[in-house]
Amino acid sequence: MKTKAIPILYVDPPAHLSEASKQLWKHLLETGRIRTLPRLALLQTGLEARDRADEARLKIGDALTVKTERSGVEHLNPLLRLERENRQLFVKIMGQLSLHGEINPNSFD
């Protein structure tokens, strides 16, 4: 049995989101692109992933490789994987919300 979607008028962005993600949240709710609780939950997850990716990028900086202490061998920075996975999740969720063509991940920086 299908559940009926409950329309949402406006919900303030979660406090833990970055300012850029809060702006995107407000924009999407104000334009009516997000009007149901399931879509709102997906949006929050997507924006959290975007923020994690941005945080990882800041921590990576120019350090694309890291040396292990024991062997001294250089490896790719593990934060690169974290950044990639979270950017992919953000893009996937925006696609699920049918917003993939409208939002650039960096457009609200």
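Where a number appears in this text, it was derived from the coordinates with a stated rule and is not lab data. Predicted model, so just to flag it, every value in this text is computed and none were measured.
Provide the gained length on full extension for the span Glu85 to Ala15, in nm with one decimal, where the gain is 0.36 nm per separating residue minus the Cα-Cα distance.
22.9 nm
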Segment Leu37-Ser71, extension gain: residue separation times 0.36 nm, minus the distance between their alpha carbons: 7.2 nm
